Amino acid sequence: MKYILALSLILVAFTSSAQRFGFTFFRNNGEAGVYLAVSDDGRTWREVNGGQPILVPAVGGKLTRDPSVCVGPDKRYHMVWTTSWKDNGFGIAHSGSAPVERAILCSGE
C-alpha cells in the first residue's frame, strides 16, 4: 500500500491546469528511498511529502538509486530505479494498484 501511495503522490503533484515540473532523486547511497521535488518554473523547487521519501526501498539490494519516472500510454506513472551496486535487477513501480516489482536484467555470468 505504501508504494501505491508513493506514486499517487506523484500523480497529485502533477495534476493541475498549470504546467509543473517534477524531479525524482535520492540522498546519500539511496538507502532511505526516493524523494520528489516539484517546480512551477523549473528553477525553484520544493520537496513534496514533507521532505520524506515517497518510496522506501523494498526489493533487490534495498537501495533506490537513479530513479526515473515517466507517463505511459496508459496514462499511469511508471518508475524504475537501481536497487543495488551489484544486483543484476532493478525496481519497478506503477501508479494504481500494482505492487513494487523487481526485474532481472540478466542471470549468471
Query raised in the report: If you take the residues of segment 15-32 that are among the hydrophobic types (A, V, I, L, M, F, W, C) and surrounded by fewer than 16 Cβ atoms within 10 Å (Cβ to Cβ), which of them is modelled with the lowest pLDDT?
Result: A18
Report summary line: When segment 65-109 is checked residue by residue, the ones that are at pLDDT below 85, among the hydrophobic types (A, V, I, L, M, F, W, C) and under 13 Å from the mean Cα position of the chain (by Cα) are V100
Query raised in the report: Is it true that P53 is at pLDDT below 90 and not acidic (D, E)?
Result: no
Requested in this report: Would you mind stating whether Y35 is among the hydroxyl-bearing types (S, T, Y), at pLDDT below 90 and buried (at least 16 other Cβ atoms within 10 Å of the Cβ)?
Outcome: no
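The values are calculated or read from the model by the stated rules, or taken from the named source; none is laboratory data. These numbers were taken from a predicted model, which means no experiment stands behind them. For neighbour counting, all protein chains shown are included, and Cβ atoms are generated from backbone atoms with ideal geometry for every residue, glycine included.
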